[in-house]
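Below is one structure; the comments refer to it alone.
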Amino acid sequence: MEFGFGSLGVVILIILVLYFLSSIKILAEYERGVIFRLGRLLSDAKGPGLIFVFAPLDRMVRISLRQEALEVPPQDIITRDNVTLKVNAVIFLRVIDPRRAVVEVSNYVYQTSQFAQTTLRSVLGEQELDELLAHRDKINLRLQTILDQHTAPWGVKVTNVEVKQVDMPESMLRAMAKQAEAEREKRSKIIHAEGEFSAAQRLVDAAALLATEPVSVQLRYLQTLTEIGVEKNTTVIFPVPVDFLSGLQRILSKPGAEVSPAPPKS
């Protein structure tokens, strides 16, 4: 009989040891354990390190505090200027309060994904195509602000939102290519016109400078002849000074310089 009681004590001791060992839980540095004791939430989340969970009185829910990347599936968007797009995004979030992430929402990842899809459609639908392509940082910040306001009661922080890809129809791509080509041609014409204007302005300045010293014009003519001779051309163009022609015109225009008619021959 004593042997029976001794064996029962050993069995009970073994059961207690096994129960104690099974109650030991180890949580990593990035994990927290939310404990429910008899259905009631404990005041603080446990971890990291060694903790005790005494089942069936206690039930633990593991929550990771690491940042997670959540990809939003492609959404069909109609912009304010009636352009149909297919847009997807990626959301970066992390749990700040493990207790609220368990109690306030059943699945914070799924619910954040669903809310992000509706927010993406509504926000991008208010933008024009040019604004969406040119001011993507501003749109990302607005999406993050809206999502963070709704996930804050769950103990979840949305750290960043990025519009990942914008797919446009082929007709719109061709129209944008034509627009870019026309814009570059416009810039080319403006630059060419500005160059012509600058060259004309410099010629006016050079003419004004040469007019102060008439000898400099002759020197310029001689320099031009020298340049033509270096090229070994068979045709030589000799520039006639404009001052010479104007002086000749003044001489011919004098009354005494008129040519008398020749006497008739006998």
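When only residues in region 124-139 that are surrounded by 16 or more Cβ atoms within 10 Å (Cβ to Cβ) and not acidic (Asp, Glu) count, which is farthest from residue 91 (Cα to Cα)? Residue satisfying both the conditions and the ranking: 129.
Taking the condition of being in a helix (DSSP H, G or I) and closer than 19 Å to residue 86 by Cβ, how many residues in region 167-193 meet it? Final tally of qualifying residues: 7. Within region 38-87, the residues that satisfy the criterion of being in contact with a Gly (Cβ under 9 Å, 6 or more places away or on another chain) and among the small types (Gly, Ala, Ser) are 45, 47. How many of the residues in region 6-53 are within 24 Å of residue 100 (Cβ to Cβ) and either assigned by TED's automatic domain parsing to the domain that holds residue 155 or in a loop (DSSP other than H, G, I, E, B) (or both)? Final tally of qualifying residues: 12.
The values are calculated or read from the model by the stated rules, or taken from the named source; none is laboratory data. Just so you know, these numbers come straight off a predicted model, no measurement behind them. Positions of Cβ are backbone-derived with ideal geometry, glycine not excepted, and every protein chain shown enters the neighbour counts.
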